[in-house]
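> This is the structure, below, for whatever I ask next.
The values are calculated or read from the model by the stated rules, or taken from the named source; none is laboratory data. Small disclaimer: the values here were computed from a predicted structure and weren't measured. Note that each Cβ is placed from the backbone with ideal geometry, even for glycine, and that neighbours are counted across all protein chains shown.
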Amino acid sequence: MPQDRGIIQLIVILVLVVVIISLLGVKLGEVFQNKVLQDNFSFVFRAAKFVWENYLQRPARIIVQTFAELIWRPFVDTLEGLERGVNPFQDIGPQTPSS
């Protein structure tokens with residue numbers, strides 16, 4: 001249900017944006033056919049792709065893999081253990097010396 005509300009809100013927002021743009025006298029068809037605008041968007045997307053592929057992709061993958069190994073996987077393992085009835089905290093606490 002919450003996802004349905006989010007989709008409906010997004011549709012309402014998009015409709016309102018189109019109405020506002022129309023009230024300002026902007027024709028979307030003409031805007032997207034504008035050669036200068038197309039060239040500018042093309043340049044920005046090519047630049048963003050270049051930066052991602054040459055500078056950001058590798059560090060981002062390292063960060064995601066590190067997060068998965070150090071945080072996510074242990075978290076999921078703990079939840080799966082709880083589901084099976086294993087107490088993840090049984091080994092934590094003061095240890096009594098064994099004789």
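> Taking interchain pairs and intrachain pairs at least six residues apart, which have beta carbon atoms under 7 angstrom, with the first residue in the range 1-16 and under 19 Å from Leu28 (Cα atoms) and the second at pLDDT below 95?
none
> In the range 11-32, what residues are part of a helix (DSSP H, G or I) and modelled with pLDDT under 90?
Selection gives Leu28, Gly29, Glu30, Val31, Phe32.
> Then there's this: Based on this model, can you work out whether Asn54 counts as assigned to a helix (DSSP H, G or I) and surrounded by 10 or more Cβ atoms within 10 Å (Cβ to Cβ)?
No; evaluated as a whole, the condition is false for this residue.
> Checking the condition surrounded by 11 or more Cβ atoms within 10 Å (Cβ to Cβ) and free of Cβ contacts under 8 Å to residues at least 12 places away in the same chain, which residue from Val19, Val76, Val44 passes?
None of the other options fit; the residue is Val76.
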